[in-house]
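Presented below is the structure to which this report refers.
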Amino acid sequence: MARPLRLEFPGALYHITSRGNARGLIFDDDHDREKFLEVLGGVVKNHRWLCYAYCLMGNHYHLLVETPEDYLSRGMRQLNGIYTQTFNRRHNRSGHLFQGRHKAILVEKDTYLLALCRYIVLNPVAAGMVAGPENWPWSSYLVTSGGAPAPELLAIDWILAQFARDRLDACRRYAEFVYQGFDQPSPWEKVRGGVLLGDEAFIDQFHPLLMEKRNLEEVPRLQDLPIDLPFKDCWPKRSMVVPAPKPQGWRTLIGVIP
């Protein structure tokens, strides 16, 4: 299978998803989730990433990461590789835990960072797993909204500064912003060419590179040009989660990606 095009450079911002092999779970229990965050913390420190948001689901996870100095793929190999070894030892298993390489959407920070922070932490709600984001302890919502101590791996100062100078007021306004997301379309509707999320000027920066790569074998057909993808082509077609009532107007990646 052809590998997707990777756009990597210092200072880039990515929305990352990685899912389990053969749709399998990557977290069996809370201990696994704790170990994953421990590994993530080490990767963030070693590669000097800025992690703005995360959410650990059943068979996949979401990260919103900026790479000020390093390239993304180096840290991702360490993250998924070390966690796979840890998971396999604990559960007496072997083989691949994740399905292929991670998916990384290159994001324009000023336009979409806040929207993606909201999108990521609302996943458990949209999946019908919890009633509100504050009920899911395995995302960055509680920390960013002031409901839990901030771990070293999470960079929330920039996010809160977009809402207010006063910390408590900023946390309150962030929580309000997240709840307003139920009435907003998914930012993934705006993904271009399967790899880019930004305004026209941002997309145009990478157009020559995408055109140059269009005929190479490692670029899948849906990712060789910065064209608009139909919504159905970049969205999960079905879910392994038992259907539950979802807030009207919210569309997002659900608890288990097929």
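Derivation of every value follows stated rules applied to the coordinates shown; laboratory data play no part. In this text, all values refer to a predicted model and were calculated from it rather than measured experimentally. Neighbour counts are summed over all protein chains in view; Cβ atoms, including those assigned to glycine, are modelled from backbone coordinates with ideal geometry.
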### Listed residue (Asn88, His102, Pro137) projecting farthest to the positive dipole end of region 74-143, Cβ model
Asn88
### Message
Restricting to DSSP loop positions (anything but H, G, I, E, B) with no more than 14 other Cβ atoms inside 10 Å of their own Cβ, which chymotrypsin sites (Phe, Trp or Tyr not before Pro) remain in region 71-180?
### Response
Tyr71
### Message
Report the per residue volume, in Å³, of the convex hull enclosing the C-alpha atoms of region 66-159.
### Response
152 Å³
## Note on the structure
For region 9-66, the Cα convex hull volume per residue in Å³ comes to 82 Å³
### Query
Amide H of Arg19: which non-local residues (sequence gap of 5 or more, or other chain) have their own amide H closer than 5 Å, using H built in the peptide plane?
Gln99
### Query
Any idea what % of Cα-Cα pairs in region 105-175 are farther than 20 Å?
29 percent
## Note on the structure
Candidate cut points under GluC sites (Glu not before Pro) in region 79-183, DSSP loop plus at most 15 other Cβ atoms within 10 Å of their own Cβ, are Glu152
### Message
Give me the extension gain from Asn46 to Asp110: residue separation times 0.36 nm, minus the current Cα-Cα distance, reported in nm with one decimal.
### Response
20.5 nm
### Query
Assuming R0 = 35 Å, what is the FRET efficiency of Asp183 and His96, from their Cβ-Cβ distance, to the nearest 0.05?
0.35
### Task
Check each of the trypsin sites (Lys or Arg not before Pro) in region 52-155 and keep only those in coil by DSSP with at most 16 other C-beta atoms within 10 angstrom; list them in order.
Arg93, Arg101
### Task
Could you tell me the distance between the Cα centroids of region 146-169 and region 70-126, to the nearest Å?
22 Å
